[in-house]
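First comes the structure, then the notes that go with it.
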Amino acid sequence: MGKHITLISLLFTFFFTAPAQDADTAKLFTVYDRAVMFDESKLDSLAYYAAYIEKQSRQLNYSAGRHMSLRLKGIYHNLRGEYSLAVENFIAARKASEEINDLSQEVLILSDLATLYGNINQYELSKQYSRRCIEICLQTGDSMLLCNEYNNLGVTYAELKMPDSAVYMYRLALNIASAVNDQAMIMTLNNNMGDVSLIRKKWDEAIGFFRQNLQYDIKAGEKGNVFTDYFNLAEAYIGKMDADSAKYYTGKVKELLPFVQSSRNTSDYYGLMARFYRQFGNNREAYEALEKKLAIDTAIVNEVTNKAVMELQEKYRSEKRENENKLLSAEVDKQKLRARNITILAIGSVIVAALIAVSLYQNYQKNKKLQAKNEMIIRQNDKLAELNYEKNTLISVVSHDLSGPFANIKMWNQLLKMDESNLTAEQKKALQRIQDAAGQGEQMIHNILSVEKAETSRNKINFENFDLTVYIEEIVRNYKLSAAGKNISLHYESGGKEIYLLSDKQLVSRICENLLSNAIKYTPSGKNIWVSLSHENDAVRIQVRDEGVGIKREELPRLFSKYSHISSKPTAGETSTGLGLSIVKRIVEELNGKIFCESEPGKGSLFTVVLRE
């Protein structure tokens, strides 16, 4: 029923006393701690206490009060949907916490920013702030906030269609939650991992997660949570095409509807039943369920519209009574003016109400069209996945079948070479050429199978925080001997600064090794290769520049494609399969980075890799 993003405040207080004028810093902190827990129903109080803390902090010369007040303002604007103002205040609060070196507050503000950007679908920015938050938590040892951010980052990866990374983050969070027996967080993580399993169509895996939650929630007597668990299990069994189990759990959902009665839950139930009937071929029942869902959704829209109209009418009546009281002693001409004003207000109220109704109806129609488009996209994606599987299967079969003829060529060639005494020198050379060509053919088939295998399986990303400066220096050192073999000078430029990166060391190593190997392969003897590392704007930049043969401008667009061959040739007769740079590009994209190439024939090439921290 949707992913769960968790929020953590600094402390929880059980008693709250309205602050007095002589409040000390401890009372200010109590006010702040309580205010961060306010929701949309207490917006006025949230704004009041933000201003109160700001004022009292100036009087008490309490430096920490500035970032506390700014953070409360950010929360206030976020709850009101004023996201630009919320970001402005959160960033100001972060700077204020940095000025006093308060990591405990900075990490909370980073978490606020990550959550805000996730709510407005800016997942790349959300990921950036979550990863920075995780880095600080690893330094400070704040395990609970670390658990929270692992979960939030997992939700972000899931929205970015990176299920493997999402599950990896969920499991890191689960390890922490299990160690402290935080059942609420464990249930949230089970639900999130189950949602990812549904997306990946791993039905049994999803069922395992949802069953764990169901067992716990039944013991706890949480009927609302049990309703969600039954709903999730029904979704999983529908996907698995297990009609009996799907029918059982949809029945359980229906049984609990009276206890969690709401229009939205009822609408979701009929949507579930429509999917159930459609999956098992009962199109008439599916249509009827969708009709019921549509009727409820329409009623919800009408309810919102009626509420808005009633509020406008009540506002009008209030203003009318006020005007009547003011005009009781007025002259006749003022009474005429009152009548005209009332007419204008009435017309305005009707127009505004009509505009609200039209707007809500248009939104409903747009949502309906968007849902239809999403379903079409899902069907298209499923079809593309099937076609991609067929393509990979065809390539594997063809490549496997081609290996037989090459093996036969090599076998008959060996038989001919066994009696070389009767052959001329030219015939012996011809046999050797046949042997070499057959070997190259087999190697090409091996490369095709290897790259297709890599395409159909994702790398498991193992995150760790490491010093990239030292790591790349070691890689360059290992390649200096290979460069010296071609009389090439290999240089490394890092500025001598420590640059830490939260990423997968092995994948970063493969990127650098492929680029260095290519540079050496296409650089003539007596030339230079430079490897440089720099840090800017929350990203690291790795560059490999050579004085090699270069690449034509028209060939650059297909440089990173699989099996691409360009006119540039290795300088010492080395072999090239056209696969290395396509593998590099795939790895860089898995790490959410970018790769660029600038080149000119005869003047060398510059490869740039940008990885976010």
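The values are calculated or read from the model by the stated rules, or taken from the named source; none is laboratory data. Quick caveat, the model's predicted, so the values are computed rather than measured. Every residue, glycine as well, gets a Cβ built from its backbone with ideal geometry; the counts of neighbours run over all protein chains shown. The area values use the complete protein model at the heavy-atom level, side chains included, leaving out ligands, DNA and RNA. Shrake-Rupley method; radii C 1.70, N 1.55, O 1.52, S 1.80 Å.
List of remarks:
- In this Cβ point-charge picture (+1 for Lys and Arg, -1 for Asp and Glu), the stretch 165-293 has a dipole of about 220 debye about its Cα centre.
- Taken about its Cα centre, the stretch 134-185 carries a charge dipole of roughly 140 debye when the Cβ of each Lys and Arg holds +1 and the Cβ of each Asp and Glu holds -1.
- Computed Rg/Rh of the stretch 511-613, alpha carbon atoms with Kirkwood Rh: 0.95
- Using only Cα coordinates, the Kirkwood hydrodynamic radius of the stretch 48-95 works out to 10.5 Å.
- Separation in nanometres of the label points that stand 7 Å from Cα toward Cβ, at residue 586 and residue 466: 2.1 nm
- In Hz, Karplus ³J(HN,Hα) per residue of the stretch 144-154 (6.51, -1.76, 1.60; θ = phi - 60°; x = Gly, Pro): 5, 5, 4, 4, 4, 6, 4, 5, 5, 5, x
- Taken over the Cα atoms of the stretch 459-555, the convex hull encloses 123 Å³ per residue.
- In terms of accessible area, using a 1.4 Å probe and ignoring ligands and nucleic acids, 280, 90, 259 rank largest first as 259, 280, 90.
- Overall shape of the stretch 26-130 was characterised from the C-alpha gyration tensor. The equivalent ellipsoid obtained from it has semi-axes of 22, 17, 10 Å, in decreasing order.
- Simple spin-label estimate for residue 437 and residue 242 in nanometres, 7 Å along Cα-Cβ: 5.8 nm
- Neighbour-limited loop hits for GluC sites (Glu not before Pro), the stretch 40-144 (at most 14 other Cβ within 10 Å; DSSP other than H, G, I, E, B): 82
- Where only alpha carbons of the stretch 511-554 are counted, the Rg and the Dmax (Å): 12.3, 37
- Trypsin sites (Lys or Arg not before Pro) within the stretch 79-169, DSSP loop, no more than 15 other Cβ atoms inside 10 Å: 80, 161
- In the stretch 493-522, the trypsin sites (Lys or Arg not before Pro) that fall in loop regions by DSSP, at most 14 other Cβ within 10 Å: 497
- Values of log10 I(q)/I(0) for the stretch 138-232 across q = 0.25 Å⁻¹ run -1.27, by the Debye formula with one identical scatterer at each alpha carbon and no solvent.
- When the listed pairs 219/292; 497/594; 127/202; 201/254 are checked against a 30 Å cut-off, the alpha-carbon distance exceeds it for 219/292.
- Separation in nanometres of the label points that stand 7 Å from Cα toward Cβ, at residue 478 and residue 528: 2.6 nm
- Whole-Hz ³J(HN,Hα) from phi, Karplus 6.51 cos²θ - 1.76 cosθ + 1.60, for the stretch 547-558, glycine and proline x: 10, x, 6, x, 9, 5, 4, 6, 8, 4, x, 9
- Using the Stokes-Einstein relation with a Kirkwood hydrodynamic radius computed over Cα pairs, the translational diffusion coefficient of the stretch 182-227 at 4 °C and a viscosity of 1.567 mPa s comes to 122 µm²/s.
- Using a probe of 1.4 Å on the protein chains alone, the accessible area found for residue 517 is around 50 Å².
- Average projection area in nm² (convex hull over Cα atoms of the stretch 83-204, one quarter of hull surface): 7.7 nm²
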